[in-house]
Each structure stands twice: as C-alpha cells, then as structure tokens.
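Please read the structure below before turning to the comments.
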Amino acid sequence: MNARSEAEIEKLLKEVYQRGYDLEQRYYGCAQCVVAAIQDFFPVNDAVFKASTSFSGGFASSIEGPCGALTGGIIVLSYFFGRSREEYSDISLLRRPGPLVKEYWGKFCDTYGGDTCRQVQINFFGTAYRFLDNEEYEQYEKAGGHTDKCPTVVGQASTWLAELLLDNNVPILKKQLNE
C-alpha cells in the first residue's frame, strides 16, 4: 500500500462498507456481495465472483453452513494469499492465508455470535428462517432480512476484509485512486 492518509483510508473503508451494504440490499447473495464489494476496489478476478455463488445463505440458501459473508471473505483472502497451482507442491503454503482467515473469522464470530447463517439470523432476529421454505422466507424479508440485517453483515464483513487487504499491501484499483 502506498502511503495514504488516515482520512483517505477511512473514506475508502466507508465506501467499501456502503458498497457491500447496497449490493446485498439490491441483489442478495451475501457471499457474492462481499466479493463484488471488494472487487470494486481491489483487483479480483471475475471467476472468484462466480465461484462464490452457492455460498450464500449458508450453503445453497439452506442456512446450514457458514454465513456467506464469512465464506465470501475467506474466498477473497485465499485468492490473494492462497497457494497457487504453481506452488502446489509446497505443502507449507497451504497455511499461508490462515492467520488472516483466523483474524477475519474471529471478528465475525465475536460480532455475530457465531459463524453460521443460522447463528447470524438468531443473533439478529431471535430465530432462524429457512430460505427454501417460501413462507419462512417471506417472514425473513418482512423482518428486515434484506432491508438492513444482511446488508449490515455484508457491509461490515467487506470493511474487515478491506482492512486486511490494505494492511497486507494489496493494491487498490487505479480508478479508486483517482476519485
């Protein structure tokens, strides 16, 4: 990261938060929304965005498995710091993104009371709604699922992720530097 003022970094992080929030509110798919928010500020390949599709709402909207905002961020961290195919024979590199993933995961769990879609919902709503059940999904939406609850999670997760990327010298897209 080039020398940036604290004010510039704060402005960028606010923009990342808002971008994640807005994307989740409009398009849904927490994992893809985290990836897209980061992709708008950092150089992330479109294949990463596409690969994150089925990680929203737990696994495949089942609410079972990790929250998509968490997995979307882990996918991005692995994209930047994970072992490449060329490095495949170096088993020690498998753990390279681990400390960053643990930090991101820890913030997530501390804030939302766990790491699963179900736990995040219970934290916000006091219950968990099954997305694949039309009646329960409708109740989830009426309770603010995409009005403010999940957008808040995506915005915050995107911000934590951007902080980690900046702290580890991942470059910001040039178009973001000119604004």
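Listed values, structure above:
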| item | result |
| --- | --- |
| Selection from segment 96-154 of residues that are of a type in the set (D, E, K, R) and either touching a strand residue (DSSP E or B) at 6+ places or on another chain (Cβ under 9 Å) or over 30 Å from D167 (Cβ atoms) (or both) | D115, R118, R130, D133, E135, E136, E138, E141, K142 |
| Subset of segment 1-43 (residues that are β-branched (V, I, T) and under 13 Å from the mean Cα position of the chain (by Cα)) | V16, V34, V35, I38 |
| Those helices (runs of 4 or more DSSP H) lying entirely in segment 98-179 with at least 2 residues surrounded by 21 or more Cβ atoms within 10 Å (Cβ to Cβ) and at pLDDT 95 or above | 98-112, 117-125, 150-167 |
| G73 vs. criteria within 15 Å of the chain's Cα centre (by Cα), over 21 Å from E136 (Cα atoms) and surrounded by fewer than 15 Cβ atoms within 10 Å (Cβ to Cβ) | no |
| Any hit, segment 109-122, residues being among the aliphatic types (A, V, I, L, M) and more than 20 Å from G20 (Cα to Cα) | yes |
| Lone unmet requirement of (1) over 13 Å from the mean Cα position of the chain (by Cα); (2) touching a residue at least 12 places away in the same chain (Cβ under 8 Å) for G114 | (2) |
| Which numbered condition F42 fails, given (1) in contact (Cβ under 8 Å) with a residue 60 or more places away in the chain; (2) hydrophobic (A, V, I, L, M, F, W, C); (3) in contact with a helix residue (DSSP H, G or I) (Cβ under 6 Å, 6 or more places away or on another chain); (4) surrounded by fewer than 17 Cβ atoms within 10 Å (Cβ to Cβ) | (4) |
| Pairs with Cβ under 6 Å, 6+ apart, first in segment 66-93 and in contact (Cβ under 8 Å) with a residue 24 or more places away in the chain and of a type in the set (S, T, Y), second part of a helix (DSSP H, G or I) and surrounded by 13 or more Cβ atoms within 10 Å (Cβ to Cβ) | T71/A31; T71/F55; Y79/V48 |
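The values are calculated or read from the model by the stated rules, or taken from the named source; none is laboratory data. All figures in this text were calculated on a predicted structure; none of them were measured in a lab. Every residue, glycine among them, receives a Cβ derived from its backbone with ideal geometry; neighbour counts consider all protein chains shown.
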